[in-house]
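Before any comments, here is the structure.
The values are calculated or read from the model by the stated rules, or taken from the named source; none is laboratory data. Note that the coordinates shown come from a computational prediction; the quantities given were computed from them, not determined experimentally. Methodologically, a virtual Cβ is constructed for each residue, glycine included, from the backbone with ideal geometry; neighbour enumeration extends over all protein chains shown. Protein only, heavy atoms only, side chains kept; ligands, DNA and RNA dropped before computing areas. Shrake-Rupley method; radii C 1.70, N 1.55, O 1.52, S 1.80 Å.
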Amino acid sequence: MADDRSLRLLLPRPVRDLPADLAAVAVFVVLTNLSVFLPVVKDTPVRVVFGLAFVLFLPGYAFIAALFPEQGESVVEDEEGWDDEDDDSLLSRDGGIDGIERVALSFGLSIAIVPLIGLVLNFTPWGIRLVPIVVTVSGFTLIAVAVAAVRRWELPEEERFSVPYEIWLASGREELFHPETRLDKYLNVLLVLSVLIAVGSVTFAVAVPKQGESFTEFYLLTENETGDYVADGYPTEFVRGESKPVVIGIGNQEHEVENYTVVVELQRVEVQNNSTTVLEEQELRRFETGLPHNETWMTEYNVRPTMTGERMRLAFLLYDGEAPAEPTVNNSYRELHLWVNVTSAQ
């Protein structure tokens with residue numbers, strides 16, 4: 001105990017005197033950031049568990065703590081009933097709220113605060129992305145914690161809000177291990193089993209989420225006059241030896257890390273009776289990339305054809321893994337193509 005007390009004295013006074021509930025909020029914010037940004041932890045269910053509380057409860061609780069630093073008191077009736085003429089028979093609730101109201105408002109305000117933060121971020125250069133959202137919500141929550149702590153310190157100690165952890169633990173221990181009747185004992189056992197089942201079910205649902213459909217996105221884009229990428233305006237007229245850019249994109253929705261290979265070919269084809277025959281082909285380029293689930297890979301490629309002809313097929317072949325020695329449209333995982341004309345330089 002002496003060691004714990006001496007270590008505690010090493011902390012700055014504002015941190016040392018921080019109320020327990022506000023300190024818990026600050027620690028939870030730090031743990032949430034670690035679960036979101038640490039390389040190994042961010043891919044585990046821990047991120048979901050911390051993230052839910054971080055979004056749905058903490059900002060509202062910190063904001064309520066800043067608004068209502070005082071201890072809430074319930075209105076009670078004296079032994080002889082209500083006495084409208086004697087104000088001393090009523091305990092005032094001016095400025096305070098009780099624990100149930102505080103928890104309920106914490107959820108409601110969190111659901112209102114986080115979308116408002118997202119709305120503000122939408123009009124900033126950072127946009128609504130993971131890092132700006134986490135940093136902004138964390139900053140808001142920690143600022144509210146600091147304001148709440150200062151406002152509590154300004155009140156007399158007996159008027160400050162505090163969570164009665166010790167009373168709750170003592171009461172719970174007494175009810176759980178020393179029930180008054182046999183029925184209470186059975187009910188306690190049933191309650192413990194219900195809690196364990198509920199926690200186990202939630203843990204299993206988070207740890208083993210239902211896997212959605214597996215697929216890979218494969219697409220071509222071009223850059224328009226404003227610098228945006230669009231699925232339009234593809235180059236179709238080429239001069240041999242000159243290049244024109246296209247953007248190749250892959251989106252991994254396979255629920256695991258995938259290694260992809262893209263092969264770009266220029267093919268002279270003959271189409272008869274709904275059948276396409278490749279008469280001549282030339283491989284222009286290959287790309288290889290490893291891509292985690294729910295990630296996107298994009299690269300700009302300058303197409304520089306060397307064969308000439310009309311209505312030639314510029315094929316982009318995607319393979320899951322290594323490409324075969326002779327890549328074709330039929331043996332590819334995904335396929336895209338453009339019909340192009342290539343003329344000789346004047």
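In the range 163-216, the qualifying residues are those that are open to solvent by 70 Å² or more (accessible area, probe 1.4 Å) and of a type in the set (Asp, Glu), and the one that is modelled with the lowest pLDDT is Glu175.
Residue pairs whose Cβ atoms lie under 9 Å apart, separated by 6 or more positions or on different chains, with the first residue in the range 226-240 and closer than 18 Å to Ala345 by Cβ and the second charged (D, E, K, R), are Pro235/Lys244; Glu237/Lys244; Phe238/Lys244; Phe238/Arg304; Arg240/Arg304.
Scan the range 22-40 for residues that are open to solvent by less than 50 Å² (accessible area, probe 1.4 Å) and β-branched (Val, Ile, Thr) and the total you get is 4. Working only within the range 284-312, note down all residues that are open to solvent by less than 50 Å² (accessible area, probe 1.4 Å) and either touching a Lys or Arg at 6+ places or on another chain (Cβ under 8 Å) or part of a loop (DSSP other than H, G, I, E, B) (or both). Selection gives Leu284, Tyr301, Val303, Pro305, Met307, Thr308, Gly309, Met312. Just a yes or no: is a residue in the range 230-237 surrounded by 15 or more Cβ atoms within 10 Å (Cβ to Cβ) and not in a loop (DSSP other than H, G, I, E, B)? Checking the range 230-237: not a single residue is surrounded by 15 or more Cβ atoms within 10 Å (Cβ to Cβ) and not in a loop (DSSP other than H, G, I, E, B).
All of (1) modelled with pLDDT under 90; (2) more than 23 Å from Ser214 (Cβ to Cβ); (3) within 33 Å of the chain's Cα centre (by Cα) hold for Asn294 with one exception: (2). Looking at Glu326, Glu322, Glu280 in this structure, which one is open to solvent by 80 Å² or more (accessible area, probe 1.4 Å) and not in a loop (DSSP other than H, G, I, E, B)? None of the other options fit; the residue is Glu280. A search for C-beta distances below 6 Å between a residue of the range 307-327 that is in contact (Cβ under 8 Å) with a residue 24 or more places away in the chain and within 16 Å of Tyr219 (Cα to Cα) and any residue that is in a loop (DSSP other than H, G, I, E, B) and of a type outside the set (Gly, Ala, Ser), counting only pairs 6+ apart in sequence or on different chains, returns Leu317/Pro327; Leu318/Tyr333; Tyr319/Tyr333; Asp320/Tyr333.
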